[in-house]
1. Look at residue 101 and say whether it is at pLDDT 80 or above and either β-branched (Val, Ile, Thr) or touching a helix residue (DSSP H, G or I) at 6+ places or on another chain (Cβ under 7 Å) (or both).
2. Sort through 50, 59 and tell me the only one that's within 23 Å of residue 10 (Cβ to Cβ), of a type in the set (S, T, N, Q) and more than 13 Å from the chain's Cα centre (by Cα).
3. When you go through (1) at pLDDT 95 or above; (2) in contact with a Lys or Arg (Cβ under 9 Å, 6 or more places away or on another chain) one by one for residue 45, which number turns out not to apply?
4. Could we say that residue 25 is part of a strand (DSSP E or B), buried (at least 16 other Cβ atoms within 10 Å of the Cβ) and in contact (Cβ under 8 Å) with a residue 12 or more places away in the chain here?
5. Look at residue 42 and say whether it is touching a Leu at 6+ places or on another chain (Cβ under 6 Å) and either of a type in the set (Phe, Trp, Tyr) or open to solvent by less than 30 Å² (accessible area, probe 1.4 Å) (or both).
6. In segment 104-127, how many are at positive phi and modelled with pLDDT under 80?
7. Specify the residue that is nearest to residue 151 (Cα to Cα); the eligible residues are those in segment 45-77 that are open to solvent by 70 Å² or more (accessible area, probe 1.4 Å) and not in a loop (DSSP other than H, G, I, E, B).
8. I need the full set of residues from segment 100-147 which are more than 19 Å from the chain's Cα centre (by Cα), open to solvent by 70 Å² or more (accessible area, probe 1.4 Å) and either closer than 29 Å to residue 9 by Cα or among the hydroxyl-bearing types (Ser, Thr, Tyr) (or both), in order please.
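The values are calculated or read from the model by the stated rules, or taken from the named source; none is laboratory data. The structure displayed is predicted, hence computed values, not measured ones. Neighbour counts run over all protein chains shown; Cβ positions are idealised from the backbone, glycine included. With ligands, DNA and RNA removed, areas are computed over all heavy atoms of the protein, side chains included. Shrake-Rupley method; radii C 1.70, N 1.55, O 1.52, S 1.80 Å.
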Amino acid sequence: MNINVYTESTPNPATMKFIVNKLLINGSVDFPTRESADHSPFAKELYKFSFVNGVFFASNFVTVTKTEGTEWDDIEPIIKEFVKGAVESELKVQEEEQEDVNFEGTESEIKIQQILHDYVRPAVEQDGGAISYKSFNDGIVTVELRGSCSGCPSSTLTLKSGIENLLKRMVPEVQEVVSEAL
């Protein structure tokens, strides 16, 4: 198979999506630090570049966060070529595969998790990020934003006017959605 890589900007100017014409992983996985990449040969190799400050994988793309002071024009072709070679040589995203998604908790918690998984996750992944459910207490849903969403200037707007409104409409017990800082 001939591997093609193309780039797409994200709402976060510090991150860029490198999209390939092959499935990399079922689900998503975030490696926000060099240390967290120990069980990902692919991410570990990306972190060998001094300008890489974050790595996130979902379905057919890898989102790379660059270091401050680095210009995309300088590093985009380097990362693009690396990603192409890594996919061609079948460098693993994870040493072990993730399990299937299981929703747990009360009826409301399960409904919230299902909505986040079915409606919100695909939209957030389109922008190179990921969202995961953390908790639901006293009407407040706590989520974690990763990938390009972590530190993105527009993530608060997405959280409040998008995700919060959707959950309030579909789960009346929800009063607010907040993001847990990484």
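1. No, not satisfied.
2. After ruling out the rest, the residue left standing is 50.
3. The number of the failed condition is (2).
4. no
5. Yes.
6. Here the count works out to 0.
7. For segment 45-77, the residue satisfying everything is 53.
8. 106
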